[in-house]
Amino acid sequence: MKVTLNRAELLSSAKRGESIAPHDSALDVLKGLLLEFDSAGGILTMTATNLEITLEQKISCAVPADDAFVLNARFAVSMLEKLSGDTVELERISGKPLLHLRSGDAEYLVPIYERSSYPKLEMPFPEDTVKVSGIPGMAKRTVFAAAQDDSKPLMKCINLKFTKDGLRAAVGNGSCIVTAKGDDKSTGDVSLLIPAFSLEKLARLCGDKDEFRVGTTGKAIVFLKENFAFSARLLEGDYINVEGLIGSIRNQFTVLSGVEELRKALDTASCVDSGGKVCLRFEGQRLTFRCESEHGNTAVPLDVIPLTGMPQGEYWYISKQLMSCLRSLTGTVKLGIAQSGMLTLEADDAYYLQIGIRAPSTEEKPAAAKKKKASAPKAA
């Protein structure tokens, strides 16, 4: 079998596949890209998987005969990057597990594997799929809040809900909760748990305007568009009742501010301790971000617009978590303080809740560095 392909198109697909294939797998076949050639349809189907997520891409080409084999993903990308021609010729050596690649004045001879042991992607029934778009935007607003603890697999997931009002997403890690609205056209009545890592990976492979048909195979969720299929393993279990929890929140007061202004103020204040605690002090129309550490103290004031209640008091939070949220939002937000010092941020398409922490004790508050003076040597 010998076939000629556009080198740039093949390289682009191979790079996406290489980002999925596990480089450290104990199975050599999983380190590779499955290449399937369909002579009747004139299609090359390239598949990559790590058993958690699977990516399938299709490339149109003139195929003289049906064939299928697995090529190491890293080898494929490295070779295609180094070849200089506009096209690349792939020729399988008859009777041997070898592939010949030629382009311009260069050529490679590399080992390949048979496809028999490579996992096959399962597809949902077309009539059971719904339309979805805006995946990168939804991932940006939710993925950051997923837990990192492997002992809590469900909290490492995004809860996707297809409702009569469209797609909704929720995620929580024990100290903060995020909800976000998705495509209003994505209606249904199903709740799914997709690992945050998988959703983030898909977001990197598409744009907000890309429209998918989405369905499930029971164990996986599959996103389909022309010449592209992305499958992610689903988890089973009972997720936290995010809607019920949010419905019980009652803000003592709320203020209005711009996300960019909040982000700049927090960034400036936390420069002395970016991974530590930040104090939000409310005094009517004035909100002050304050951080204290052994490196110094900062206080950054910001004008806000009071909306409800009387904005006043000091409240402490983990600055890194709050910054992650602010980086995921844009525009204007309503900031509120609820019972027990919980912080809420509401935008048109997202809701963020962060649990407050105790103010540093006297012992924890940094004092001026006390340097011990060395005792002067006594005269003999």
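The values are calculated or read from the model by the stated rules, or taken from the named source; none is laboratory data. For clarity, every value in this text was computed on a predicted model and none was experimentally measured. When we count neighbours, we look across all protein chains shown, and the Cβ atoms used for this are built from the backbone with ideal geometry, even at glycine. Just the protein is used for accessible areas: all its heavy atoms, side chains included, with ligands, DNA and RNA removed. Shrake-Rupley method; radii C 1.70, N 1.55, O 1.52, S 1.80 Å.
Do we have any residue at all in region 329-337 that's β-branched (Val, Ile, Thr), at pLDDT below 95 and either closer than 29 Å to Pro136 by Cβ or touching a Lys or Arg at 6+ places or on another chain (Cβ under 7 Å) (or both)?
Going through region 329-337, the residues β-branched (Val, Ile, Thr) turn out to be 330, 332-333, 337.
From what's left, at pLDDT below 95: 330.
Going one step further and asking which of them are either closer than 29 Å to Pro136 by Cβ or touching a Lys or Arg at 6+ places or on another chain (Cβ under 7 Å) (or both), we end up with 330.
For region 329-337, residues β-branched (Val, Ile, Thr), at pLDDT below 95 and either closer than 29 Å to Pro136 by Cβ or touching a Lys or Arg at 6+ places or on another chain (Cβ under 7 Å) (or both): present.
Conditions tested, residue by residue: (1) among the aliphatic types (A, V, I, L, M); (2) open to solvent by 20 Å² or more (accessible area, probe 1.4 Å).
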position	(1), (2)
Val3	yes, no
Ser12	no, yes
Ala21	yes, no
Asp28	no, yes
Leu33	yes, no
Ser39	no, yes
Met46	yes, no
Leu51	yes, yes
Gln57	no, no
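What number of residues in region 144-176 are within 13 Å of Ala350 (Cβ to Cβ), open to solvent by 20 Å² or more (accessible area, probe 1.4 Å) and either in contact (Cβ under 8 Å) with a residue 60 or more places away in the chain or assigned to a loop (DSSP other than H, G, I, E, B) (or both)?
Summing the residues that are within 13 Å of Ala350 (Cβ to Cβ), open to solvent by 20 Å² or more (accessible area, probe 1.4 Å) and either in contact (Cβ under 8 Å) with a residue 60 or more places away in the chain or assigned to a loop (DSSP other than H, G, I, E, B) (or both) in region 144-176 gives 1.
Name every residue in region 132-143 that is of a type outside the set (A, V, I, L, M, F, W, C) and either surrounded by fewer than 14 Cβ atoms within 10 Å (Cβ to Cβ) or touching a helix residue (DSSP H, G or I) at 6+ places or on another chain (Cβ under 6 Å) (or both), in order of residue number.
Initial filter on region 132-143 (of a type outside the set (A, V, I, L, M, F, W, C)): 133-134, 136-137, 140-142.
Passing the criteria: Pro136, Lys140, Arg141.
When region 8-30 is examined, which residues are found to be of a type in the set (D, E, K, R) and either touching a Leu at 6+ places or on another chain (Cβ under 8 Å) or at pLDDT 95 or above (or both)?
If the condition is that a residue be of a type in the set (D, E, K, R) and either touching a Leu at 6+ places or on another chain (Cβ under 8 Å) or at pLDDT 95 or above (or both), then Glu9, Lys15, Arg16, Glu18 are the ones that fit.
Which residue is surrounded by the fewest Cβ atoms within 10 Å (Cβ to Cβ), if the candidates are limited to region 102-114 and must be of a type in the set (A, V, I, L, M) and touching a strand residue (DSSP E or B) at 6+ places or on another chain (Cβ under 9 Å)?
In this case the residue turns out to be Leu109.
From (1) on the phi < 0 side of the Ramachandran plot; (2) open to solvent by 50 Å² or more (accessible area, probe 1.4 Å), pick out the condition that doesn't hold for Ile221.
Of (1) on the phi < 0 side of the Ramachandran plot; (2) open to solvent by 50 Å² or more (accessible area, probe 1.4 Å), only one is false for Ile221: (2).
If I filter region 248-257 for residues that are more than 17 Å from Leu55 (Cβ to Cβ), surrounded by 15 or more Cβ atoms within 10 Å (Cβ to Cβ), in contact (Cβ under 8 Å) with a residue 60 or more places away in the chain and in contact with a Lys or Arg (Cβ under 8 Å, 6 or more places away or on another chain), do I get at least one hit?
yes
Among the residues of region 101-109, are any within 34 Å of the chain's Cα centre (by Cα) and at negative phi?
Among the residues of region 101-109, not one is within 34 Å of the chain's Cα centre (by Cα) and at negative phi, which makes the answer no.
Can you name every residue in region 61-101 that is more than 17 Å from Ser13 (Cα to Cα), open to solvent by 40 Å² or more (accessible area, probe 1.4 Å) and in contact with a Leu (Cβ under 8 Å, 6 or more places away or on another chain)?
Once the filter is applied, which keeps residues that are more than 17 Å from Ser13 (Cα to Cα), open to solvent by 40 Å² or more (accessible area, probe 1.4 Å) and in contact with a Leu (Cβ under 8 Å, 6 or more places away or on another chain), region 61-101 yields Glu91, Arg92, Ile93, Leu98.
Do you know which residues across region 329-347 are within 16 Å of Ala265 (Cα to Cα) and outside any strand (DSSP E or B)?
Residues satisfying the conditions are Leu329, Thr330, Gly331.
Exactly one of these conditions fails for Phe282: (1) open to solvent by less than 20 Å² (accessible area, probe 1.4 Å); (2) under 28 Å from the mean Cα position of the chain (by Cα); (3) not aliphatic (A, V, I, L, M). Give me its number.
Of (1) open to solvent by less than 20 Å² (accessible area, probe 1.4 Å); (2) under 28 Å from the mean Cα position of the chain (by Cα); (3) not aliphatic (A, V, I, L, M), only one is false for Phe282: (2).
Please name all residue pairs, on different chains or six or more residues apart, with Cβ atoms under 6 Å, provided the first residue is in region 96-112 and is over 23 Å from Asp28 (Cα atoms) and the second residue is assigned to a strand (DSSP E or B).
Partner pairs satisfying both residue conditions: Arg102/Glu89; Ser103/Val88.
Of the numbered conditions (1) closer than 21 Å to Gly174 by Cβ; (2) assigned to a strand (DSSP E or B); (3) open to solvent by 20 Å² or more (accessible area, probe 1.4 Å), Glu314 fails exactly one; give the number of that condition.
Tallying (1) closer than 21 Å to Gly174 by Cβ; (2) assigned to a strand (DSSP E or B); (3) open to solvent by 20 Å² or more (accessible area, probe 1.4 Å), Glu314 fails exactly one: (1).
Taking region 177-204, which residues are more than 30 Å from Gly356 (Cβ to Cβ), hydrophobic (A, V, I, L, M, F, W, C) and open to solvent by 30 Å² or more (accessible area, probe 1.4 Å)? Explain how you work it out, then say what you get.
Initial filter on region 177-204 (more than 30 Å from Gly356 (Cβ to Cβ)): 183-190, 192, 198, 201-204.
After this cut, where a residue has to be hydrophobic (A, V, I, L, M, F, W, C) as well, the list is 190, 192, 202-203.
Matches in region 177-204: Val190 only.
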